[in-house]
Amino acid sequence: MDGVILFADDQVFNTRSNEYKLFCKFNSNSELTVLPIDNLYSLEKVLSSVSTYKALILDWNFKRQKDDSNDDDTQLPDETPFELIKNNEIYSLIYIYSQNPIGDDTQKKLREAYHEKIFFATKSNSNDIDTEYRKILQGIQDFENSNKHMEIPFLWSQTINKSAQKIFVELENADKFWIKELFYSSVRKPNKDGTFTDVEIEPTIEVVNLFQNLLFEKLIQDISLKEAIQKYSTENYMATSDLNSTNTLFSRLYYTKTLETDTIMTGDIYIYFLTQNME
């Protein structure tokens with residue numbers, strides 16, 4: 001088992017704590033890259049920046065960070081990551097590792113959002129770090145073994161990350177103002193007489209579209225990604241999805257869900273829901 005693990009606990013940098021010792025145990029595993037995070041603000045930033053992590057090991061109670069508006073003697077209540085993980089769509093395993101009990105209602109809401117991708121475990125009061133390490137590692141391994149279908153999205157995401165970096169380097173080497181160049185070239189087309197004609201097109205969408213075209217080129221040239229898709233799709237093939245699952249899948253693929261402010265593009269397909277009963 002290899003990959004990145006996020007270890008979020010407000011005691012992770014306290015060298016006397018079991019959490020710190022547990023983090024060091026994970027970090028000593030040469031197959032894993034473990035990122036320590038000790039507050040929810042940093043965790044939110046990491047979740048929006050890192051897309052391919054194997055698991056999030058997450059404490060439930062975090063000490064609030066004091067600022068200049070707080071008196072030194074003020075005892076602030078703990079904060080929990082409930083809203084953070086409830087409002088984000090996290091694809092990886094969420095391994096809640098808590099000292100304090102978590103209410104049944106809270107667990108129910110999180111299970112409804114993440115199903116089998118969220119797991120709740122209680123921290124041990126003993127100093128047997130090895131046992132705790134093996135327990136959590138085995139839980140992550142069991143989850144990985146039961147969800148082989150997640151290997152391709154992780155590889156896909158890694159390929160996107162690497163490809164995007166290459167594209168940005170190539171474009172900046174060509175012209176550091178490449179975003180502006182693409183923006184204005186999409187709204188002003190040159191004529192043979194040297195003049196320009198304004199084009200009625202949303203330039204921001206055109207910039208994104210051009211980038212997506214470059215990204216698609218990079219992805220289809222990645223041999224390891226294509227081989228992994230081929231292997232997973234043909235190895236021990238068995239169609240197990242029911243009709244409702246298949247219908248849901250293809251509605252996600254072929255029907256557009258947009259904001260009210262979005263521009264309708266050629267090729268977009270919409271489902272129109274009537275708000276009044278038809279007689």
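The numbers here are math on the coordinates, done by the rules we state, and not lab data. These numbers were taken from a predicted model, which means no experiment stands behind them. Cβ sites come from the backbone with ideal geometry, for glycine too, and all protein chains shown count toward neighbours.
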Charge dipole (debye, nearest 20) of the stretch 152-240; +1 at Cβ of Lys and Arg, -1 at Cβ of Asp and Glu
200 debye
Dipole axis of the stretch 152-240 (+1 Lys, Arg; -1 Asp, Glu on Cβ), positive-most option in 197, 219, 230:
230
Quick one, what does Rg over Rh come out to for the stretch 152-240 if you take C-alpha atoms and the Kirkwood Rh?
1.18
For the stretch 3-146, size of Cβ-based charge dipole, Lys and Arg +1, Asp and Glu -1, in debye:
480 debye
Using the beta-carbon distance between residue 185 and residue 157 and R0 = 30 Å, what value does 1/(1 + (r/R0)^6) give for FRET efficiency, to the nearest 0.05?
0.50
Note, ³J(HN,Hα) from phi for the stretch 26-36, Karplus 6.51, -1.76, 1.60, rounded to Hz, x at Gly and Pro:
5, 5, 7, 6, 5, 8, 10, 10, 10, 9, x
Search the structure for amide H atoms under 5 Å from the amide H of residue 99, placed 1.01 Å from N in the peptide plane, and list their residues when 5 or more places away or on another chain.
60, 61, 123
Amide hydrogen neighbours beyond the local backbone of residue 34, cut-off 5 Å, H modeled
5
Mind checking which lysines have their Cα closer than 28 Å to the Cα of residue 86? Skip sequence neighbours fewer than 8 apart in that chain.
45, 54, 63, 66, 108, 109, 117, 123, 135, 148, 257
Report the full-extension gain for the segment residue 177 to residue 213: residue separation times 0.36 nm, less the Cα-Cα distance, to one decimal in nm.
11.1 nm
Spin-label pair residue 107/residue 144, simplified geometry with 7 Å Cα→Cβ offset, distance in nm
2.6 nm
Förster radius 30 Å - calculated FRET efficiency between residue 83 and residue 27, Cβ distance, rounded to 0.05
0.55
Considering only the stretch 3-146, percent of DSSP beta bridges that pair antiparallel, nearest 5:
5 percent
Contour excess over end-to-end distance, with Cα ends at residue 91 and residue 17 and 0.36 nm allotted per residue:
23.7 nm
Between 11, 145, 46, whose Cα lies farthest towards the positive end of the dipole of the stretch 7-164 when Lys and Arg beta carbons carry +1 and Asp and Glu beta carbons carry -1, centred on the Cα centre?
145
